[in-house]
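Single-structure report; data block below.
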Amino acid sequence: EGLDLIRLFRGMNIVGADVNTVSPNHDVKGMTAFLAAAVTCEILLLLCPDPAA
């Protein structure tokens with residue numbers, strides 16, 4: 001749901017973004033780090049110019 005929400009920002013003038021995760025000691029299986037990487041990827045896609053435009 002969160003990634004879908006980020007995708008709704010397509011076409012908006014995004015000027016900055018921030019991603020935070022929990023301490024590695026509290027993220028034993030690395031799931032929040034994986035989610036942070038996915039969120040970062042989606043945000044970077046929003047910041048890239050649209051090649052079709």
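The values are calculated or read from the model by the stated rules, or taken from the named source; none is laboratory data. Everything numeric here is computed off the predicted structure, so don't read it as measured data. For neighbour counting, all protein chains shown are included, and Cβ atoms are generated from backbone atoms with ideal geometry for every residue, glycine included. Each accessible area value is taken on the protein alone, full model and side chains, heavy atoms only, with ligands, DNA and RNA left out. Shrake-Rupley method; radii C 1.70, N 1.55, O 1.52, S 1.80 Å.
I'd like the residue in the range 21-40 that is under 12 Å from the mean Cα position of the chain (by Cα) and open to solvent by 70 Å² or more (accessible area, probe 1.4 Å) and, out of all such residues, is nearest to E1 (Cα to Cα).
Among them, the one singled out is L35.
Has the range 6-20 got any residue that is open to solvent by 80 Å² or more (accessible area, probe 1.4 Å) and either touching a strand residue (DSSP E or B) at 6+ places or on another chain (Cβ under 8 Å) or assigned to a helix (DSSP H, G or I) (or both)?
Yes.
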